[in-house]
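J.: Here it is, the structure in full.
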Amino acid sequence: MSSKPIPILPGLPVIGNLLEFSRDRLALYQRIETQCGEIGAYRLFTKPFAVTGNAELAYNLLVEQHTHFERSPVMLMMKPILGEGLLTTNNAANAQQRQEIISVFQAERYPEYAKLIVEKTQQLCQNWQCGQTLNLSNAMQELTLGIISQALFSTDVLQEFPELTQAIGNLLHYTDQRLKFMLPIPLSWPLPINQKLNASIKPLNTLLSQFISQRRRNLKTSPQDLLSLLLNTNDSVTQKPLSNHQIRDQILTFLFAGHETTAHTLSWAFYLLAKNPAVYERLKEEVNTVLQEAPPTYEDLKKLPYVLQVIKETLRLYPVAYAFGRTALCPLQLGQYHVPQGLVVLVSPYIMHRNPTYFSEPERFAPERFTPKYETQIPRFAYLPFGAGPRSCIGRQFALMEAQLILALLTQKFRFRLLNENQITPLPMVTLRPSREIEVQVNSSKTCNKYS
Ligand code: HEM
């Protein structure tokens with residue numbers, strides 16, 4: 001097959017497309033698709049980055065040729081914070097870690113996880129009053145952080161280490177700032193942003209170290225969660241038990257990867273429902289018919305297909321992992337294109353999911369797209385909210401179940417009215433978050449039939 005160079009978008013002298021990238025990178029990605037086609041590149045100074053929203057190229061990169069690529073420097077910019085956790089390690093170390101960790105995501109654990117998710121959601125909303133104003137974004141973050149820490153580490157970080165929430169919030173904020181300009185500034189440089197980040201990391205490390213040591217002392221009587229599993233695992237190279245530092249990296253990775261993503265997905269879902277009353281009505285009908293007055297259970301999940309469709313369609317329009325990248329380890333061919341060694345190629349589900357070739361009327365919020373019948377018609381690898389291949393999301397099933405249960409329970413009890421009807425745009429930071437926090441008025445689902 002003949003090989004052609006990846007087209008490069010014109011940019012400014014010296015800085016290339018830096019300004020556009022910093023201002024609105026989703027628009028930049030979209031411009032690349034319009035002007036360059038299935039793949040194209042932008043430049044930050046002299047460094048090119050290729051972007052694709054093409055399903056076949058994504059499959060070729062993430063699955064067929066995955067051994068020829070490593071994690072991109074974008075993800076590696078989080079290494080100073082997340083260390084050698086599952087998200088940031090190289091492929092070889094990842095494969096070993098993943099094999100150990102996967103056991104906490106086995107099917108038989110899910111009924112217990114479902115119970116926990118429902119309990120935590122009930123606790124969160126038990127004091128909500130009709131008419132009160134609620135910052136839904138914060139509420140979802142608090143909820144999903146509590147769930148992931150209890151599920152994987154048998155500890156509610158919010159209750160036992162309230163400072164941890166603030167520290168994780170700071171980490172996210174400063175990581176966002178670093179990613180904004182894509183400058184891999186070493187943490188040791190005495191810049192205000194680094195000082196603030198370091199100031200957050202120190203207490204966090206102390207807290208996590210206390211937490212791990214406490215558990216190490218009581219390991220025999222500890223619950224069989226991810227923390228116990230890590231404490232019983234040996235390092236693949238040294239064959240010695242994992243150190244506190246290695247375990248700290250995994251804990252932080254899971255707290256990081258496992259809460260923001262699901263929280264923003266839920267915030268986007270409630271936002272879209274508020275803007276699409278007919279979808280809300282259908283959702284409410286399914287929830288009320290199936291659950292009546294009872295809280296949802298693991299067994300109810302398959303009886304609530306429309307709830308899951310709403311989540312999947314939300315992830316189509318607002319895939320929180322809006323782009324993820326790989327670096328080519330050698331010169332290679334991707335489809336018809338030549339990829340030089342060292343080139344970073346980003347797959348963007350955001351661009352892919354809005355391509356009319358894959359999804360008709362792509363801007364429309366239409367959960368019917370994900371009925372089992374329609375789902376099979378979606379071209380292979382054209383829907384990638386959780387990635388694909390050996391580095392795809394390890395928490396996919398957990399996240400979908402969590403979002404389905406929370407959405408069902410909160411819809412059964414409440415309806416949320418947006419306090420600010422203005423359009424919310426997606427803000428591409430570490431994840432694709434709403435451009436402003438979503439504030440709602442809480443109403444009982446019983447007092448009003450219509451979502452207004
Ligand atoms: C709606 C929620 C979520 C979305 C959209 C999402 C999306 C993703 C995507 C796209 C990747 C792959 C990135 C790449 O290929 O470079 C990924 C990786 C990962 N996710 Fe998720 N995720 C979600 C929830 C979760 C949850 C709940 C957990 C933990 C329980 C989790 C843990 C991870 C980890 C550890 C990785 C790295 C996997 C590896 O490299 O082996 N995620 N996620």
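The values are calculated or read from the model by the stated rules, or taken from the named source; none is laboratory data. These numbers were taken from a predicted model, which means no experiment stands behind them. With ideal geometry, Cβ positions are generated from the backbone for all residues, glycine too; neighbour counts draw on all protein chains shown.
J.: Of the conditions (1) surrounded by 12 or more Cβ atoms within 10 Å (Cβ to Cβ); (2) farther than 30 Å from Tyr174 by Cβ; (3) among the polar types (S, T, N, Q), Thr221 fails just one. Which one is it?
T.: (1)
J.: While we're looking at this one, here's another question. Conditions: (1) at positive phi; (2) within 16 Å of the ligand (Cβ to nearest atom). Thr89 meets all but one. Number of the miss?
T.: (1) is the only condition that Thr89 fails.
J.: Among the residues of segment 70-83, how many are within 12 Å of the ligand (Cβ to nearest atom) and at pLDDT 85 or above?
T.: Looking only at that region, the number is 3.
J.: Continuing with this model, one more query. Looking at Ser348 and the list (1) buried (at least 16 other Cβ atoms within 10 Å of the Cβ); (2) out of contact with any strand residue (DSSP E or B) (no Cβ under 6 Å at 6 or more places or on another chain), which single condition is not satisfied?
T.: (2)
J.: Only residues that are away from the ligand (no atom under 14 Å from the Cβ), in a helix (DSSP H, G or I) and polar (S, T, N, Q): list them for segment 236-278, please.
T.: Within segment 236-278, Asn244, Gln246 qualify.
J.: On the basis of being in contact (Cβ under 8 Å) with a residue 60 or more places away in the chain and among the acidic types (Asp, Glu), does Glu361 make the cut?
T.: Numbers: in contact (Cβ under 8 Å) with a residue 60 or more places away in the chain: no; among the acidic types (Asp, Glu): yes.
Here the answer is no, as Glu361 does not meet what is asked.
J.: Anything in segment 382-405 that is near the ligand (Cβ under 7 Å from one of its atoms), touching a helix residue (DSSP H, G or I) at 6+ places or on another chain (Cβ under 8 Å), closer than 15 Å to Leu152 by Cα and not hydrophobic (A, V, I, L, M, F, W, C)? List them, or say none.
T.: Within segment 382-405, Gly395, Glu402 qualify.
J.: Looking at Leu134, Leu124, can you tell me which residue is at pLDDT 90 or above and either in contact with a strand residue (DSSP E or B) (Cβ under 9 Å, 6 or more places away or on another chain) or in a loop (DSSP other than H, G, I, E, B) (or both)?
T.: Leu134
J.: If you take the residues of segment 214-273 that are among the basic types (Lys, Arg) and modelled with pLDDT under 90, which of them is nearest to Ile201 (Cα to Cα)?
T.: The qualifying residue nearest to Ile201 (Cα to Cα) is Lys240.
J.: Consider Ala278 carefully, then state whether it is hydrophobic (A, V, I, L, M, F, W, C), without any contact (Cβ under 8 Å) to a residue 60 or more places away in the chain and more than 30 Å from Arg433 (Cβ to Cβ).
T.: So Ala278 fails the test.
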